[in-house]
Amino acid sequence: MTVLNDEQRALRDAVRELAEAKIAPRAAEIDASGEFPHDIVELLAQHDILALPFPVEYGGLGGDMVSILVVIEEISRVDASCGLIPAVQELGSLALLHAGTEDQKKRWVPDLAQGKILSAFALTEAGAGSDAASARTTAKRDGDGWILNGEKRFISQGDVANIVAVFAVTDSSAEAVKDKRHMTCFYVEKGTAGFSSPRVEHKMGIRGSTTAELAFQNASVSDANRVGEVGDGWMLAMKTFERSRPGIGAQAVGIAQGATDIAVKYAGQRKQFGKPIGAHQMIGAMLADMATRTEAARQLLWTAAEHIEKDDPHAQRWASMCKLFAGDTAMAVTTDAVQVLGGYGYTTEYPVERMMRDAKITQLYEGTQQIQRLIIARDLLASL
Amino acid sequence: MNIVVLLKAVPVVGTERLDSNFMTDRTVQLEANGNDEYLLEKALKLTEAHGGEVVTLTVGPAGAMEPIRKALAMGTARAVQVTDDALRGSDMRATLDVLAAALKKMEPWDLVFAGADTSDGQGGVLGAALAVRLNLPYLSYASEIEPTDSGGVRIHRFNSTGYDILEAPTPAVVMGTQLLGAPRYPSLRGIMQARAKQVETCTLADLGLAPETVGADAATTKTLDSAKPPERAGATFVREAPDEAVAKVVEFLSSRRLI
């Protein structure tokens, strides 16, 4: 995969035009207020952007993975918080799409595709970050249903989501933990008694995307909300990452491209020592590296998407590789963009300082860069 | 109500350049002519409200496919593109022959919509000339278009005191303005559905036109020379807060005796 087909280009152009006209002017305000942009959700729903990853039979568009990545990239190019909206909508829905029953899909997917409801994905806990398997939120059988207890933390859009994919321990025996059969996935609906979102984090970046703490205090959840078999939770979470990590890679590529575009424009206009600063070799070389790294990250992302979509046995490695490279690229490129803009870049007069803050999260969530390297290395060694 | 919208593919505004024969270079990226898009939007709204379909008609090279596809994504039912190497350098008379022949072939339709002018050609007479050629009523500078109960068409046309209301039976040719409203963004669903829609490509032969009657050699007018406007002096940017900015602008203008 090196170039987009006609349809993918048309999708990219349409989303770029929309993002520049309607989202870019809101970006600084969203960042400053730290409020979740419900108006942008509405905009994305209106233009069927949220429908893209969902199957046609449930009102979605059945878009291929590269199309989905291109859309996330284009929105993130102007606002990484907003770029996360379609990414999280897919992230929270993947377990349902993968293992949901016909009834469960009919119940939620059409509304998810239309953007009438939002979803979230809740695996991480305060004491279970990179070591997600050590989660302690439990689900215990209670008659026909389940009782959930525990807390989840750092859940993107957890407070605004109408349904949350919650991964809870249903069998804490040593054997189940060893076999990674200890967790089960439940779709918990907003308004469920005993389920609340007590607080949101104050963050350095992606400030328009709320990051919530979720609390379960004897929350009663029907068995009809259990997605997948009992004990399938961990497998479903890992399956989810195969598709969601490239989404974060796309967010990172978008941030890097947005910062590169601004740096190039600035370097072409700002004059020092009698010529545009881009004509000074030291700045020119920085721009060249920024553009090259960003394009390389994008190409790896699209290649990874092709492998993952074909159910490549190394899908997890591909997902980790593209997220790792794109996240590091976004961090490096945005740091350089601030450097190119100098003192101006450090102020809120230009968006590159926001992009630099936003970029950092792509090295942290959906598995830190260290966890990605661990997965890649394990997969490489496993083939010996 | 079936509407044909004349859609011209023009170089992306701001990137236009002329070739050595002073002809617009159409090998660059093309987009839909801005003034045509207002009519396209209105046509889509009318058919959404009253039924019928919108078909675009484009005379242009291969690069025109991108704006045609965008129109399909916005909601047109199908598209007709007349493309032929012999058309290069055609003047307005030849373009008119081609459009008239294509419209004959596309019958039946109720309305033909034309933009006020194009960002590259700027002739601004095509809609009127087409109405004359097809012997149809011509309603110009429409700021509103609506069907009448008797199957005709009614428009509003702005004038110095308000607006006139004009009515004509169909078929008719309507030329409209940007007051019709901004074009929509294509939705992703529209883009993905567009791939199943048909773009009918015609050549001059398909329309029964002889190649020697069109193109640069048959043009009745010829561009002898072309010159760029003189470079303008550097702009002065006023970035101060409103009160201060007003004072600066006033000072700038009064120092040049402009106010």
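The residue pairs whose first member lies in the range B:233-259 and is touching a residue at least 12 places away in the same chain (Cβ under 8 Å), whose second member is of a type in the set (A, V, I, L, M, F, W, C) and surrounded by fewer than 10 Cβ atoms within 10 Å (Cβ to Cβ), and whose beta carbons are closer than 9 Å, counting only pairs six or more residues apart or on different chains, are B:Phe252/B:Leu258.
Every residue, every condition in (1) in contact with a strand residue (DSSP E or B) (Cβ under 9 Å, 6 or more places away or on another chain); (2) more than 23 Å from A:Thr335 (Cβ to Cβ); (3) buried (at least 23 other Cβ atoms within 10 Å of the Cβ), yes or no:
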{"position": "A:Ser222", "(1), (2), (3)": "yes, yes, no"}
{"position": "A:Asn225", "(1), (2), (3)": "yes, yes, no"}
{"position": "A:Gly228", "(1), (2), (3)": "yes, yes, no"}
{"position": "A:Asp232", "(1), (2), (3)": "yes, yes, no"}
{"position": "A:Lys239", "(1), (2), (3)": "no, yes, no"}
{"position": "A:Gly249", "(1), (2), (3)": "no, no, yes"}
{"position": "A:Ile255", "(1), (2), (3)": "no, no, yes"}
{"position": "A:Thr260", "(1), (2), (3)": "no, no, yes"}
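Taking the criterion of being in a loop (DSSP other than H, G, I, E, B) and crowded, with 16+ Cβ neighbours inside 10 Å, the residues of the range B:198-214 that qualify are B:Leu204, B:Leu209, B:Val214. Taking A:Val188, is it among the β-branched types (Val, Ile, Thr) and crowded, with 21+ Cβ neighbours inside 10 Å? Against the criterion (among the β-branched types (Val, Ile, Thr) and crowded, with 21+ Cβ neighbours inside 10 Å), A:Val188 qualifies.
When restricted to residues that are surrounded by 14 or more Cβ atoms within 10 Å (Cβ to Cβ) and charged (D, E, K, R), the range B:215-226 contains 0. Residues of the range B:42-78 that are touching a Lys or Arg at 6+ places or on another chain (Cβ under 6 Å) and away from every other protein chain (no Cβ under 14 Å): B:Val55, B:Pro61, B:Arg78. Taking the criterion of being surrounded by 13 or more Cβ atoms within 10 Å (Cβ to Cβ) and basic (Lys, Arg), the residues of the range A:172-185 that qualify are A:Lys180, A:Arg181. Annotation note: of A:Gln299, A:Gln272, A:Gln316, the sole residue that is more than 23 Å from A:Gly247 (Cβ to Cβ) and either surrounded by fewer than 23 Cβ atoms within 10 Å (Cβ to Cβ) or over 19 Å from the mean Cα position of the chain (by Cα) (or both) is A:Gln272. Counting only residues that are surrounded by fewer than 22 Cβ atoms within 10 Å (Cβ to Cβ) and either small (Gly, Ala, Ser) or at pLDDT below 95 (or both), the range A:54-99 holds 3 of them.
Of all residues in the range B:187-201, at least one satisfies being within 14 Å of chain A (Cβ to nearest Cβ) and either within 30 Å of B:Tyr141 (Cβ to Cβ) or hydroxyl-bearing (Ser, Thr, Tyr) (or both). Quick check: anything in the range B:31-41 surrounded by fewer than 19 Cβ atoms within 10 Å (Cβ to Cβ), closer than 18 Å to B:Ser140 by Cα and either modelled with pLDDT under 95 or among the aromatic types (Phe, Trp, Tyr) (or both)? For the range B:31-41, residues surrounded by fewer than 19 Cβ atoms within 10 Å (Cβ to Cβ), closer than 18 Å to B:Ser140 by Cα and either modelled with pLDDT under 95 or among the aromatic types (Phe, Trp, Tyr) (or both): present.
Let's see how each residue does on (1) within 13 Å of chain B (Cβ to nearest Cβ); (2) assigned to a helix (DSSP H, G or I):
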| position | (1), (2) |
| --- | --- |
| A:Val3 | no, no |
| A:Ala28 | no, yes |
| A:Glu35 | no, no |
| A:Leu44 | yes, yes |
| A:Gly60 | yes, no |
| A:Gly63 | yes, no |
| A:Glu73 | no, yes |
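Considering the range A:335-384, the residues that are of a type in the set (S, T, N, Q) and part of a loop (DSSP other than H, G, I, E, B) include one that is surrounded by the most Cβ atoms within 10 Å (Cβ to Cβ), namely A:Thr362. Once the range B:151-186 is narrowed to residues that are exposed (fewer than 14 other Cβ atoms within 10 Å of the Cβ) and either within 14 Å of chain A (Cβ to nearest Cβ) or of a type in the set (S, T, N, Q) (or both), the residue that is farthest from the chain's Cα centre (by Cα) is B:Thr161. I'm trying to understand the selection: among the residues of the range A:191-212, which are charged (D, E, K, R) and either surrounded by fewer than 20 Cβ atoms within 10 Å (Cβ to Cβ) or assigned to a helix (DSSP H, G or I) (or both)? Those that are charged (D, E, K, R) and either surrounded by fewer than 20 Cβ atoms within 10 Å (Cβ to Cβ) or assigned to a helix (DSSP H, G or I) (or both): A:Arg199, A:Glu201, A:Lys203. Among all residues of the range B:180-187, there is none that is in contact with a strand residue (DSSP E or B) (Cβ under 7 Å, 6 or more places away or on another chain) and part of a loop (DSSP other than H, G, I, E, B).
Scan the range A:46-58 for residues that are more than 10 Å from chain B (Cβ to nearest Cβ) and outside any loop (DSSP other than H, G, I, E, B) and jot them down. Within the range A:46-58, A:Glu57, A:Tyr58 meet the criteria. Of all the numbered requirements in (1) outside any helix (DSSP H, G or I); (2) surrounded by 10 or more Cβ atoms within 10 Å (Cβ to Cβ), B:Phe252 misses one, and that requirement is (1). Among the criteria (1) surrounded by 11 or more Cβ atoms within 10 Å (Cβ to Cβ); (2) within 14 Å of chain A (Cβ to nearest Cβ), the one B:Ala235 does not fulfil is (1). The set of residues in the range A:13-26 that are more than 10 Å from every other protein chain (Cβ to nearest Cβ) and either among the polar types (S, T, N, Q) or surrounded by 15 or more Cβ atoms within 10 Å (Cβ to Cβ) (or both) comprises A:Arg16, A:Ala19, A:Ile23, A:Ala24, A:Arg26.
The values are calculated or read from the model by the stated rules, or taken from the named source; none is laboratory data. Because the structure is predicted, anything quoted here is derived from the model rather than measured. So basically every Cβ, Gly included, is an ideal-geometry build from the backbone, and we count neighbours across all protein chains shown.
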